[in-house]
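Visitor: The structure that follows is given in the form of C-alpha cells.
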Amino acid sequence: MKQLYVGLTGNEAVATAFKQARPHVAPAFPITPQTEMMHKFADFVADGAVATEMILVESEHSAMSAAVGSAATGARTFTATSSAGFALMWEVVYIAASLRLPICMPVVNRALSGNINIHNDHSDSMGGRDAGWIQIFCENTQEAYDTALMCWRIAEHKDVRLPVMVNYDGFIISHTSESLHILPDEDAWKFIGPKDLSNGYSLLDVENPITVGPLDLTDYYFEHKVSQMEAHLRAPKVILEVFKEFGELTGRHYDLFEEYRTEDAEMILVIIGSTAGTAKDVIDEQREKGVKVGLLKPRVFRPFPAVEYAKALGNAKVVGVMDKSVSFGGHGGPLFTEIRSALYGLENAPKIHNWIYGLGGRDTGTDQIVDLIGQLQNSIKGKKTEDVNLLGVRL
C-alpha cells in the first residue's frame, strides 16, 4: 500500500491518527507535554478536516467526566493527558473502565510531582496500571501513530469494550520530529471504520432505557468486577488480531512485546518506551564484542501477558529489568514485580535484577547501559548483585 513519508512530532502524529479515526467528541484540557497534541487536533477541527465536537472543560477531572458521558451515548470519544492531569482524573479513570466504555486516551508520560517536574518518566501511567484500562507503550513516533490508529479497533471490539491508553514519552517522543510513514486518510478510515453502534448500549436509545453508574453494593459489584477481568482475558486475542491485520496493511508488524537479538541471549534487558531504542544500539555494539545480550520491549503492559513473558525470558541466564518509575515501599519497580511474578515457579528460572532509572527526565546514556550489562555479567559469574539497583543517580 502507498503510504505518505512525513516528518512529525509524536504529538502531531497521534493527533493525525485521531483525526483519521473521525471521533465524534473530544473533551480537552491542557497540560505539558500533552497540550500540543490537542492543539494540533484543534487545528484539524478549525480547518474542517474533522467534524469532532471539541469540549473545552475546566479540568482533567471534567475532561474524563465528559468523555464518560459522551461514550455512554455511543459516541466515539477521546481525550488526552499527562502527569498530574492524569492524577486529577483518577476517580473517573476507574469509572470509565468499570462502565466498559471504549474511550481512547494518549497519556504523554511525565513525572508525577512533587517537586514540580515536567519531564519524562512513567510514574503517571504506572500509577494507573490497575484502573482497568488497556495500556500500550510506544518506543518512537511511528509506533505512537500506529497505536493511535489501532487502539480504536481494540477498544470498540465487542469482546473487549475497554478504554485504551496510548503511552509515549513526554518531550522525547511528543516534541521531537521524526520521519515516519502514515496512511492516507481514506485508507486509515477503511482500516478503522465507523463505530458499530449495535455493539453495546446507549443512553440515547429511548426504546431500551438503561441506567449508567448506579449504586452497586454487595449484590452485583463483585460480578461487575469479574466482567472487567474477563474482558482483559479476552483482550490479547483481539489485540493480536488487530496487530496482524495492521501488519498486512502497512508492513509494520507488532506483537504483545518486541524481542531484539534474544535468540541466543544469556542476558536480556526488559525496557519500556524510548529507552529501548537507546538500548538496541548498545546491544549491537556489545554483540560485536561477543557479548550475548538481547532486549525484550513490552508494548502491551495491561493486560499483562505473563505466560508469553515466561516463555520469552525463560532460557536466559539473567534478566535485567529497567523501571522508569518507583513503587514506593515496594520491592522494585512495577515492571520488575510483574516480570518477576511471571517467572515465579519456572523451572531453572533466570536470575532477575531491577534498575530504577531516568526519574524526572534524568538522562540515561549508553555508558550506563553498558555498565548495567557488566553487572549482569557479574551476576552470571555468581558475584553479588542486588535485586533492586539505581542507575544514573548522583552519589
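Visitor: Filter the stretch 295-314 for residues that are touching an Asp or Glu at 6+ places or on another chain (Cβ under 9 Å) and part of a loop (DSSP other than H, G, I, E, B); which is surrounded by the fewest Cβ atoms within 10 Å (Cβ to Cβ)?
Guide: Filtering the stretch 295-314 down to residues touching an Asp or Glu at 6+ places or on another chain (Cβ under 9 Å) leaves 295-302, 304, 306, 308-309, 312, 314.
Now restrict to residues that are part of a loop (DSSP other than H, G, I, E, B): 299, 304, 314.
Values: 299: 22, 304: 20, 314: 15.
Per the criteria, the residue is 314.
Conditions (1) outside any helix (DSSP H, G or I); (2) among the hydrophobic types (A, V, I, L, M, F, W, C); (3) under 14 Å from the mean Cα position of the chain (by Cα), marked per residue:
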position	(1), (2), (3)
150	no, yes, yes
158	yes, no, no
189	no, yes, no
198	yes, no, no
215	yes, yes, no
235	no, yes, no
239	no, yes, yes
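Visitor: Going through 273, 277 one at a time, which residue ends up being part of a helix (DSSP H, G or I) and not assigned by TED's automatic domain parsing to the domain that holds residue 129? Break it down into steps so the answer makes sense when it comes.
Guide: Values: 273 fails: part of a helix (DSSP H, G or I).
The conditions single out 277.
Visitor: Now for a separate question. Quickly run through the stretch 305-316 and pick out the residues that are over 16 Å from residue 354 (Cβ atoms) and either in the same structural domain as residue 233 (by TED's automatic domain parsing) or not small (Gly, Ala, Ser) (or both). Quick ask: steps written out before the conclusion?
Guide: Our first condition is that a residue be over 16 Å from residue 354 (Cβ atoms); within the stretch 305-316, this holds for 305-308, 310-312, 314-315.
Listed by number, the residues that qualify are 305, 307, 308, 311, 315.
Visitor: Among the candidates 260, 201, 254, which residue alone is modelled with pLDDT under 95 and of a type in the set (Phe, Trp, Tyr)? If you could, list the steps in order and put the result at the bottom.
Guide: Working: 260 fails: modelled with pLDDT under 95; 254 fails: modelled with pLDDT under 95.
It is 201.
Residue-by-condition table, conditions (1) among the hydrophobic types (A, V, I, L, M, F, W, C); (2) assigned by TED's automatic domain parsing to the domain that holds residue 82; (3) in contact with a His (Cβ under 9 Å, 6 or more places away or on another chain); (4) within 19 Å of residue 126 (Cα to Cα):
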residue	(1), (2), (3), (4)
285	no, no, no, no
295	yes, no, no, no
318	yes, no, yes, no
339	yes, no, no, yes
350	no, no, no, no
354	no, no, yes, yes
361	no, no, yes, yes
366	no, no, no, no
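Visitor: Please go through the stretch 328-342 and pick out each residue that is touching a residue at least 12 places away in the same chain (Cβ under 8 Å) and either assigned to a loop (DSSP other than H, G, I, E, B) or more than 21 Å from residue 110 (Cα to Cα) (or both). Walk me through it before giving the result.
Guide: Pass one, the stretch 328-342, residues touching a residue at least 12 places away in the same chain (Cβ under 8 Å): 331-336, 338-342.
Answer for the stretch 328-342, where residues must be touching a residue at least 12 places away in the same chain (Cβ under 8 Å) and either assigned to a loop (DSSP other than H, G, I, E, B) or more than 21 Å from residue 110 (Cα to Cα) (or both): 331, 332, 333, 338, 339, 340, 341, 342.
Visitor: Please go through (1) among the aliphatic types (A, V, I, L, M); (2) without any contact (Cβ under 8 Å) to a residue 24 or more places away in the chain; (3) in contact with a helix residue (DSSP H, G or I) (Cβ under 7 Å, 6 or more places away or on another chain) for residue 188 and return the number of the only condition it doesn't satisfy.
Guide: For residue 188, the failing item is (2).
The values are calculated or read from the model by the stated rules, or taken from the named source; none is laboratory data. On a predicted model such as this, the values are computed, not experimentally measured, just so you know. Because the Cβ atoms are built from the backbone with ideal geometry, glycine has one as well, and the counts that use them run over all protein chains shown.
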